[in-house]
Each structure stands twice: as structure tokens, then as C-alpha cells.
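Data first, discussion second: the structure below is written as C-alpha cells.
The values are calculated or read from the model by the stated rules, or taken from the named source; none is laboratory data. Just so you know, these numbers come straight off a predicted model, no measurement behind them. As a convention, Cβ positions derive from the backbone with ideal geometry for all residues, glycine included, and neighbour counts pool all protein chains shown.
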Ligand code: PNS
């Protein structure tokens, strides 16, 4: 059986920590779908969903077993619809662990045994989050060491 895993997130914006998880998890599973959460009724993201998809597609173009999609609603429903077997998540610190453990337990209980596979964030990226990247960018800091070029380009554009 080919293990098909889903790596879900807002990716608003994609940063180097995300890319590291995509690269590492794609080596462990047969197929990896990066799933971008989109709430069309309440889209408060800094970057529009099409922009986030575009960045991810550009940055994963060389990974043969990685695809990029968007999803709405509950993750367990999306994973079931796609016939995927597991979810991939990253843990940077104890706060992530608390939050992600709760999500993983709920998703396993409500998702018919859906398992979450956790990868520890690489030390180099363990302090990077999309929230911090956006804050730094807003105040004019140089975030080029934290995000790929495609993200920098998108942040620099006035449109979403
Ligand atoms: O990058 P983020 O914002 O940390 O990603 C969070 C995400 C998208 C993985 C999470 O919010 C999610 O799974 N949302 C879909 C709604 C859902 O299934 N909630 C689960 C409650 S247990």
C-alpha cells in the first residue's frame, strides 16, 4: 500500500520551516498532499488562497510525490474524501505539542482512527512561524532568511 499523507495548514505565508517538513515527510510517504485551509466566508489571511497555492506549487514543483490542494471545513472530512491515510504535523516546542496533541486525539477519535505523524521542526526553523514572519515584514524587517523567494515576492505585492 502506498501511504498517502496530508500536510494541512494555513501557509499564510509559507516559510522555510514548512518547506523543511514538506521535504522530509515527502521522503517518508508514497504521496504527500499539502492542503491549504480556505474559509471563503471568513478569509482573514494576509495572502489570498490562490497566492498561497501558487507559492506552494512553485516551491514543490521538483517533488514528484507532492501535490498541493485547498480544502474547506473539517480536516477529517477532507482526508476521508481524498482517501488519505494519515496527517503530517510539525512540532516546534512544548506549546505546539499541547495544541497539536489535542487536535490529533480529536481527529483520531472523530476521524475513524485517523493518525497524525509528527516531525520535530529542524532546530534552524524551530523559532519561525507565519505569524512572526508577517509581523516582522509589517515593520520592515528583512525576512529573507526565513522564507523562500516566492513568499518574499508575494508579500511585496500590494494585492493578496
Ligand atoms: O497552519 P495552521 O493555521 O496552524 O493550520 C491549522 C489547520 C489548518 C491544520 C487546522 O486549523 C485545521 O485542521 N483546520 C480545519 C478545521 C478542523 O478540522 N479543525 C479540527 C478541530 S479538532
> Can you tell which of 68, 36 is in contact with a helix residue (DSSP H, G or I) (Cβ under 8 Å, 6 or more places away or on another chain), within 13 Å of the ligand (Cβ to nearest atom) and within 21 Å of residue 155 (Cα to Cα)?
Replying inline: 36
> So, in the range 119-138, of the ones that are part of a helix (DSSP H, G or I) and in contact with a helix residue (DSSP H, G or I) (Cβ under 7 Å, 6 or more places away or on another chain), which residue ends up nearest to residue 9 (Cα to Cα)?
Replying inline: 125
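Criterion first (within 14 Å of the ligand (Cβ to nearest atom) and either at negative phi or crowded, with 18+ Cβ neighbours inside 10 Å (or both)) does residue 43 satisfy it?
Yes.
For the condition part of a helix (DSSP H, G or I) and surrounded by 12 or more Cβ atoms within 10 Å (Cβ to Cβ), what is the one hit in 104, 95, 141, 84? Don't jump to the end; show me each part of the working.
Details: 95 fails: surrounded by 12 or more Cβ atoms within 10 Å (Cβ to Cβ); 141 fails: part of a helix (DSSP H, G or I); 84 fails: part of a helix (DSSP H, G or I).
Result of the check over 104, 95, 141, 84: 104.
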>> I'd like to check something: does the range 21-34 contain any residue that is surrounded by fewer than 14 Cβ atoms within 10 Å (Cβ to Cβ) and under 28 Å from residue 145 (Cβ atoms)?
In response: yes
>> I'd like the full set of residues that are outside any helix (DSSP H, G or I) and either at pLDDT below 95 or under 21 Å from residue 157 (Cβ atoms) (or both), limited to the range 10-33.
In response: 10, 11, 12, 13, 14, 15
